[in-house]
Amino acid sequence: MTDPDLDKAYALQTPDDNRKLYADWAASYDSGFAADMDYQLPRLVALVLAEIYQGAGPVLDLGAGTGLVADHMLMRGTFDIDALDISPQMLETAAAKGHYRQTIAADLTKPLDIADATYDAVVSAGTFTHGHVGPDALDEVIRIARPGALFVLTINAEHFEARGFAAKFRALAPMVAELEHREVNIYGSKAAAPHRDDRAQIAIFRKR
Ligand SMILES: C[S@@+](CC[C@H](N)C(=O)[O-])C[C@H]1O[C@@H](n2cnc3c(N)ncnc32)[C@H](O)[C@@H]1O
């Protein structure tokens, strides 16, 4: 697939479709899509994390892509961050920035080869969205977090409704504490229609 764009990304069906699209998008993602759409989610995730997080342990960035969340986190503090993504090409771009402790090529829709209780915080921007990752991935990402770990995850607002994230969070209630949702704009004022006004929930919670 060539000339990736947001509509093609939202229309993806499978993890393999994601691998193919992001292989073509890695080189231009930051200077093209993120700049043109005035993409806000990585900055907003970093702001929330910096506001709340007081730990010193490792942080996992889910669907880290080219590393925009780490770019913004490291402007606000010192963190050991691991990048997890299905796309080796996106991870290569992220690794070249030198912001991650390690990169992990993995599919969030499958069991993860990561030990229980590994991370003190888990962040994610733009990955729980149309055509990408649904609510079932939350079981594994909660498993690999330590008790008390902080989660700051964006979920596209339409995807949240369509894929039943509210029901998933209700089912996860025994594992989740201090759950809060903040609704935000995904893109800034420079973004073009039709996605200019797209919204996301930022789900903020701790593992019990
Ligand atoms: C819109 S990008 C977001 C990247 C980065 N977090 C950001 O905000 O710029 C979505 C990312 O999710 C990754 N992704 C899609 N499906 C995935 C899956 N099943 N497992 C892991 N990563 C996935 C893609 O490769 C891509 O890097």
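The values are calculated or read from the model by the stated rules, or taken from the named source; none is laboratory data. Quick caveat, the model's predicted, so the values are computed rather than measured. FYI the Cβ positions are ideal-geometry reconstructions off the backbone, even for glycines, and counts take in every protein chain you see. We work out accessible area using only protein heavy atoms, side chains counted, and drop any ligands, DNA or RNA first. Shrake-Rupley method; radii C 1.70, N 1.55, O 1.52, S 1.80 Å.
Residues that are without any contact (Cβ under 8 Å) to a residue 60 or more places away in the chain and of a type outside the set (Gly, Ala, Ser) were ranked within segment 31-70; the one that is surrounded by the fewest Cβ atoms within 10 Å (Cβ to Cβ) is Gln54.
Does Ala121 fit the bill of being in contact (Cβ under 8 Å) with a residue 24 or more places away in the chain, of a type in the set (A, V, I, L, M, F, W, C) and over 26 Å from Pro4 (Cβ atoms)? Here the answer is yes, as Ala121 does meet what is asked.
Look at (1) assigned to a strand (DSSP E or B); (2) exposed (fewer than 14 other Cβ atoms within 10 Å of the Cβ) and you find that Pro194 fails only one, number (1). Selection over segment 89-135 of residues that are within 12 Å of the ligand (Cβ to nearest atom) and either part of a helix (DSSP H, G or I) or at positive phi (or both) gives a count of 8. Scanning segment 163-177 turns up at least one residue that is within 15 Å of the ligand (Cβ to nearest atom) and within 18 Å of the chain's Cα centre (by Cα). Within segment 5-20, does at least one residue satisfy the condition of being open to solvent by less than 30 Å² (accessible area, probe 1.4 Å) and either of a type in the set (Ser, Thr, Tyr) or without any contact (Cβ under 8 Å) to a residue 60 or more places away in the chain (or both)? No: zero hits. Kindly indicate whether any position in segment 143-156 is in contact with a Lys or Arg (Cβ under 9 Å, 6 or more places away or on another chain), charged (D, E, K, R) and closer than 23 Å to Leu12 by Cβ. Looking for residues that are in contact with a Lys or Arg (Cβ under 9 Å, 6 or more places away or on another chain), charged (D, E, K, R) and closer than 23 Å to Leu12 by Cβ, one finds none in segment 143-156, hence no. Restricting attention to segment 45-75, the residues being more than 10 Å from the ligand (Cβ to nearest atom) and more than 17 Å from Arg101 (Cβ to Cβ) number 7.
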